[in-house]
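Notes for the one structure printed next.
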Amino acid sequence: MVVPTRLPLVRRRCHACGSERFRAGGKFRVNANHKLIDVWLLVLCTACGETAKLTVLERVTVRSIRPELLDRLHDNDPGLAAELLQDPFVQRRNRIALDWDDAWRLVTDGSDPLDGEAVEISVRFAARIPVRPVRLIAEGCGLSRAEVERLILDGKIVSAVRLGSRLSGDFTFTLKH
Ligand SMILES: [Zn+2]
């Protein structure tokens, strides 16, 4: 299973220094004006520390927001920051993409995939983290990436999905000996 180890970085150009990565500090800004509310997630430039605001809610009536969400915003709930960063609506609205490099790890069940004749192995994703399957298979099976690529070419590793490009959702593959 592919699991996040920290929040992904946000790809966005910094107006102050030109760097292209921000990290979420886990803080929100909530601005209530009469019955309307604006909510931003604050992110900090990884190079210069400049703060930028990602729009989460814009001029929404307070009554239309679930009280549970308001509580989490006021508590600067770190889990909420993770959910919002991965929300396609928030990503589109702010024209951001996520950088998951070094922000995940592979957790295996401990069984030896090189045991037996042919094994079917499932890879699950705890979050939509784009990763090259070759890298996961190499790490999970204790092989080099070149060895995995050769096994794919030789038809010893087969899958219904394209193993050559990045995936961010569950897949299975079969390893034959
Ligand atoms: Zn900067």
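The values are calculated or read from the model by the stated rules, or taken from the named source; none is laboratory data. The shown structure was predicted, so the numbers you read here are calculated from the model rather than taken from an experiment. Cβ atoms come from the backbone with ideal geometry, glycine included; neighbour counts cover every protein chain shown. Just the protein is used for accessible areas: all its heavy atoms, side chains included, with ligands, DNA and RNA removed. Shrake-Rupley method; radii C 1.70, N 1.55, O 1.52, S 1.80 Å.
Surface exposure of the chain, expressed per residue as accessible area with a 1.4 Å probe, stands at 61 Å². Only Cα pairs under 8 Å and 6+ residues apart enter the sum, and on that basis the relative contact order of segment 1-149 stands at 27 percent.
Extending 7 Å from Cα along the Cβ direction at residue 34 and again at residue 108 yields two label points whose distance is 6.1 nm.
Annotation: extensible slack from residue 55 through residue 166 equals 37.2 nm (criterion: 0.36 nm per residue apart, minus Cα-Cα distance).
For residue 119 and residue 13, calculate 0.36 nm times their separation in residues minus their Cα-Cα distance, and state this gained length in nm to one decimal.
33.7 nm
The chain has equivalent-ellipsoid semi-axes of 40, 18, 13 Å, by the square roots of 5 times the alpha carbon gyration tensor eigenvalues, sorted largest first.
Placing a label point 7 Å from the Cα of residue 86 along the Cα-to-Cβ line, the residues of segment 1-38 whose backbone N sits under 12 Å from it are 2-8. Using the charge dipole of the chain (Lys, Arg: +1 at Cβ; Asp, Glu: -1 at Cβ; taken about the Cα centre), state which of 97, 121, 3 has its Cα farthest towards the positive end. The residue sitting farthest along the positive end of the dipole is 97. Expressed in units of 2.2 N^0.38 Å, where N is the residue count, the Cα radius of gyration of segment 83-124 is 1.89. Expressed as a whole percent, the accessible area of segment 24-177 that falls on carbon and sulfur atoms is 46 (1.4 Å probe).
Straightening the chain between residue 93 and residue 3 buys 29.8 nm, computed as 0.36 nm per residue apart minus the Cα-Cα spacing.
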